[in-house]
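Please treat every number below as a calculation from the coordinates, not as lab data. Just so it is clear, the structure is predicted and the values come from calculations on it, not from any experiment. Note that each Cβ is placed from the backbone with ideal geometry, even for glycine, and that neighbours are counted across all protein chains shown.
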Amino acid sequence: MSDQLLGKRIAFLVANEGVEEVELTSPRDALREAGAEIDLLAPEAGEIQAFNHLDKGDTFTPDRVVGEADPDDYDGLVLPGGVANPDQLRTDTDAVQFVRSFFEEGKPVGAICHGPWTLINADVVDGRTLTSWPSLQADLRNAGAEWVDEEVHIDQGLVTSRRPDDLPAFNAKIVEEFAEGVHEGQRQSASAGA
């Protein structure tokens, strides 16, 4: 274990059903290995059902409900993928506002696979460059983002990746960006979307 993120508290925001399990567990483990404290947030207090593509995976218990969580308590945010996960989060007002607040405060955010869907509804992608699962590229471009096909892309504290195969690169970059802390470019994107 390193101490690169010692004293940092990171939020993982997922829906109660549909998160891609490896996109939750791999970054979580990497951040813990770097010394971070992790909180798992969900829209409801009930169990979180993860998936391995289309098959049910493990279940997880959220540490708190997103509507009762204070973004000021966290130094960074991770948005795992899975098709159903971000599709549900982007329609949850508390989840969308929670995500947006990280950009308003300039805090680093990592989103992988379908995770950037929630960023669109938080109105924070206009003028940003990011990657995602390829099927999101039209949605992201329509929201004002530039989409790139890269295993990991960093834009002013926003770290994005395309798929589970990209997790080693994604994990390394979220550790790095979370260690750096606040990024002024995050605030600018939130202001642009206001």
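The table for this structure:
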| item | result |
| --- | --- |
| Cα-centre dipole for the chain with unit charges at Cβ (Lys and Arg positive, Asp and Glu negative), debye to 20 | 280 |
| Mean Cβ neighbour count within 10 Å, used as a protection proxy, ranking 104-115, 151-162 highest first | 104-115, 151-162 |
| GLU33-ASP63 FRET efficiency (beta carbon distance; Förster radius 25 Å; 0.05 resolution) | 0.85 |
| Prolate/oblate/rounded call for region 84-194, Cα gyration tensor, a/c under 1.5 rounded | rounded |
| Net charge of neighbours whose Cβ lies under 9 Å from the Cβ of VAL152, counting Lys and Arg as +1 and Asp and Glu as -1 | -1 |
| Contact order relative to length of region 16-70, as percent, for alpha carbon pairs under 8 angstrom and 6 or more apart | 38 |
| For Rg and Dmax of the Cα atoms in Å, calculated from these coordinates, the label among (i) 15.9, 50; (ii) 50.2, 139; (iii) 14.6, 41 | (iii) |
| Relative contact order computed over region 1-115 (Cα-Cα under 8 Å; 6+ residues apart), in percent | 31 |
| Share, in percent, of DSSP beta bridges within the chain that are antiparallel, nearest 5 | 25 |
| Options TYR74, PHE12, LEU167, ranked by Cα towards positive dipole end of region 9-188, top entry (Cβ charges) | LEU167 |
| Dipole-positive endmost among THR59, GLN186, GLY127 within the chain (Cβ charges, Cα centre) | GLY127 |
| Environment charge of LEU167, counting only residues whose C-beta is closer than 13 Å and scoring Lys/Arg +1, Asp/Glu -1 | -3 |
